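The values are calculated or read from the model by the stated rules, or taken from the named source; none is laboratory data. Everything quoted here is computed from the prediction, not taken from an experiment. Using ideal geometry, Cβ is built from the backbone for each residue, glycine included, and neighbour counts are taken over all protein chains shown. All accessible areas refer to the heavy atoms of the entire protein, side chains included, with ligands and DNA or RNA removed. Shrake-Rupley method; radii C 1.70, N 1.55, O 1.52, S 1.80 Å.
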Amino acid sequence: MVSPRCHAALLSRSTRSWCSERLEQGLQARSGSVGDRPAVSRSDSPTEQSVATLKGVGPRIGERLERLGIATIGDLLCLLPIRYEDRTQIPPIGSVAPGQKVLVAGTVELAEVVFRRRRTLLCRIADGTGSLTLRFFHFSRAQQENLKRGARLSCFGEVRLGPTGLEMVHPEYTFIGRGEQAVNDRLTPVYPTTEGLYQQRLRGLMAQALQVLERAEPIDHIAGRLPPDWPTLAEAFELLHAPPPDVDKDALLEGTHPCQRRLALEELVAQRLSLLTAGRDREREPGEALSARDGRIDELRAHLGFELTGAQQRVLSQVLDDLARAQPMHRLVQGDVGCGKTVIAAFAALVAADAGRQTAVMVPTELLAEQHVRNFTQWLAPLDVEVVCLTGSLGAADRSRSLEAIANGDSAVVIGTHALFQDDVEFRALGLVVVDEQHRFGVHQRLALMLKGSTPNAIPHQLVMTATPIPRTLAMTAYADLDCSVIDELPPGRTPVTTVAIPVARRAELAARIDSHCDTGQQAYWVCPLIEESETLDSQAAEQLYAELFEALPRRRIGLLHGRMRPRDKDAVMRAFKSGEIELLVATTVVEVGVDVPNATLMVIESAERLGLAQLHQLRGRVGRGHEASNCILLYKPPLSALARERLGVMRETTDGFKVAQKDLELRGPGEVLGTRQTGLMQLRVADLVRDADLLPQVIEISDALYATEPKRAAALVARWNSGQLRYAKV
Ligand code: ADP
Ligand code: MG
């Protein structure tokens, strides 16, 4: 499987600046338009002043802050702690134990530089209850001179057991004068930082920033739109940068403190505003109006071999309308597994081909690429539209033949995996980009492919398809820049899959059940346990299971499919399964996305308790694609955790992808609604789309209102939360 990060590098420097420029231009254009409120000017507020006005910020520190995306005092306040340390108490040294991170105070009894393997400064402090050694491997002459007998100091660090008793290695320490208190009355924040910018320095700067806050509240762009009992912006910053010792620490650590929610809400509003703006800007982008030749849409419809469902029909007309406009389409088609999204893409490709433009279809696995090539060819070849496959596994000769057909325009439809990105792929006239199973790709990959076809005069149309149904409020936030269509109807004649969960101890019975199942002429999948994110281990588990079943089911024709097989072998196995030659397919989760074999009506999933709801739903979606009733058997190893029990319960109760997704969101288990691969889509600092999902209705309401009536505030909010290098990722 391709990690979305691998391809970040493909986005050239110019691409990045292209994106952020677009966004900035858009914002300027928007904020330049006449709003009915007074302008919100940067210099109005002390928090909008440069960090250079703080003591201790010269060019060097200024440059390091800039690396963190911090230019103004307000930006600095938005740099929130990643965790907190408790320095509000000083336990007696005699009471501390190895492993604790604590603040201690004492008087230096002995300080010496020793030379065992390396030069080391050892300094013993004591407080009457016990003593502790401070160990420094790097130290300056000044440090050595200051840490002398009789000096009083407080140190913070992790206690460990050293050769001569308790010690701290390189603690943070400060000298304390006579009668002075060493404790802090606030929890100590720990910030994300960059090289050459240390915690102490950041804390010092933050203290100054908080003083600025005391003099003047930051502009609250969403004031008056929140419930009155919510903390103000200033209260939120103050608490999060300097939490009082009696703060609800658990809430703070989980990110659910009201002050964190106040900022999370604002960040999500800013986020959605930036996507709305990006979406609006696209309406000004040049695109090419594409339409099919007369009668061709009907011709394709006529030889599909099935009638489109009402939902497919509706989404198809939306897509055809988009394509006929002189602006690039940016449409997301959501629909549960098996609802028939592929055929919509085929219609769009036909339109592009008729208009003399090429279509690139990007899919996450080779298996899916090959399946799509078969389907598209079956549908489009009779209309003289040539389809070609481009995957990483093509032989050199095949690849260069494909590349030539793509470059000279003979191939109207190119279907492939990430290999489509490679530099040597030149399209003659790319007009449409289709991304299938979008949740498997990063935003960069989508963007890079789209840019491949961009000319100064036109940007390709984009159709993005996903089978991960996501709740509406989440879609409206994460995909605010896309137009969304939903195929909410399955083709007729499908019977819902019946799901049962059984403990792994009853596994042996299953072999007999598979035997009689296959006797009826139907086929089955048996999906192996997911060992970890390791293809090698997964593949080994698959081989082992294959060997066991081979023994147990002598009459059956069994196939094996895993990620480490050669692509040619994978393809051969898949073809054999599709044609019915193989009756039982033992596979890893490579069959998770897209694979379509309607005669397969039984799915066994091993270690189901370890998979997230979204993945279970995807796997189950491989059956229930034909007219026969289908079954899904979830094997689990007791005892089940409460979360796993609930997940399996959801799978038994519903086959509706939207309900599954909603439940997934509530349960917040791993493999959450958006999936780990998708989190790169939005880089959030305080907010968490899953944890803060209950804020989304408010986020939508507030951002809609600001977007419609207060463009300057909207732009100011986006500027507050999208600083520096994070910006490009959000387009
Ligand atoms: P998904 O939305 O999961 O990508 P597919 O596009 O793979 O689903 O479609 C699933 C199966 O349903 C395919 O075999 C496809 O040919 C078939 N199909 C699609 N639309 C219809 C329809 N309207 N009636 C009957 N079968 C259909
Ligand atoms: Mg599909």
Next item on the list: Would you confirm whether any residue within segment 334-356 is away from ligand 2 (no atom under 16 Å from the Cβ), assigned to a loop (DSSP other than H, G, I, E, B), open to solvent by less than 20 Å² (accessible area, probe 1.4 Å) and not β-branched (V, I, T)?
Entry: no
Next item on the list: Only residues in segment 204-219 that are over 8 Å from T47 (Cβ atoms) and assigned to a helix (DSSP H, G or I) count as the first member; pair them with residues that are open to solvent by 10 Å² or more (accessible area, probe 1.4 Å) and of a type in the set (D, E, K, R), Cβ under 9 angstrom, at least 6 apart or cross-chain, and list the lot.
Entry: G204/K55; L205/K55; Q208/K55; L210/E238; E214/E238
Checklist line | Qualifying residue in segment 215-227 (condition: closer than 23 Å to I82 by Cβ and either out of contact with any Ser or Thr (no Cβ under 8 Å at 6 or more places or on another chain) or exposed (fewer than 15 other Cβ atoms within 10 Å of the Cβ) (or both)) | finding: no
Check: Just a yes or no: is a residue in segment 279-292 within 16 Å of ligand 1 (Cβ to nearest atom) and open to solvent by 10 Å² or more (accessible area, probe 1.4 Å)?
Finding: no
Notebook entry, point to check: Does T309 count as more than 22 Å from T359 (Cβ to Cβ), of a type outside the set (F, W, Y) and within 16 Å of ligand 2 (Cβ to nearest atom)?
Noted result: yes
Checklist line | Any chance L696 is crowded, with 21+ Cβ neighbours inside 10 Å, modelled with pLDDT of 50 or more and closer than 24 Å to T256 by Cα | finding: yes
Note to self: Looking at segment 254-305 only, could you name the residues that are outside any loop (DSSP other than H, G, I, E, B), modelled with pLDDT under 90, among the acidic types (D, E) and within 30 Å of G431 (Cα to Cα)?
What the structure shows: D281
Next item on the list: Within segment 584-606, work out how many residues are open to solvent by 20 Å² or more (accessible area, probe 1.4 Å), more than 15 Å from ligand 2 (Cβ to nearest atom) and outside any helix (DSSP H, G or I).
Entry: 1
Item checked: Considering residues of segment 326-360 that are more than 11 Å from ligand 1 (Cβ to nearest atom) and without any contact (Cβ under 8 Å) to a residue 60 or more places away in the chain only, the residue nearest to R314 (Cα to Cα) -> F347
Notebook entry, point to check: Do the conditions hold for V660, that is, is it at negative phi, within 16 Å of ligand 1 (Cβ to nearest atom), outside the structural domain of W526 (by TED's automatic domain parsing) and of a type in the set (V, I, T)?
Noted result: yes
Item checked: Single match in L323, L316, L308, L273 (criterion: closer than 23 Å to R374 by Cβ and either in contact with a strand residue (DSSP E or B) (Cβ under 7 Å, 6 or more places away or on another chain) or open to solvent by less than 20 Å² (accessible area, probe 1.4 Å) (or both)) -> L316
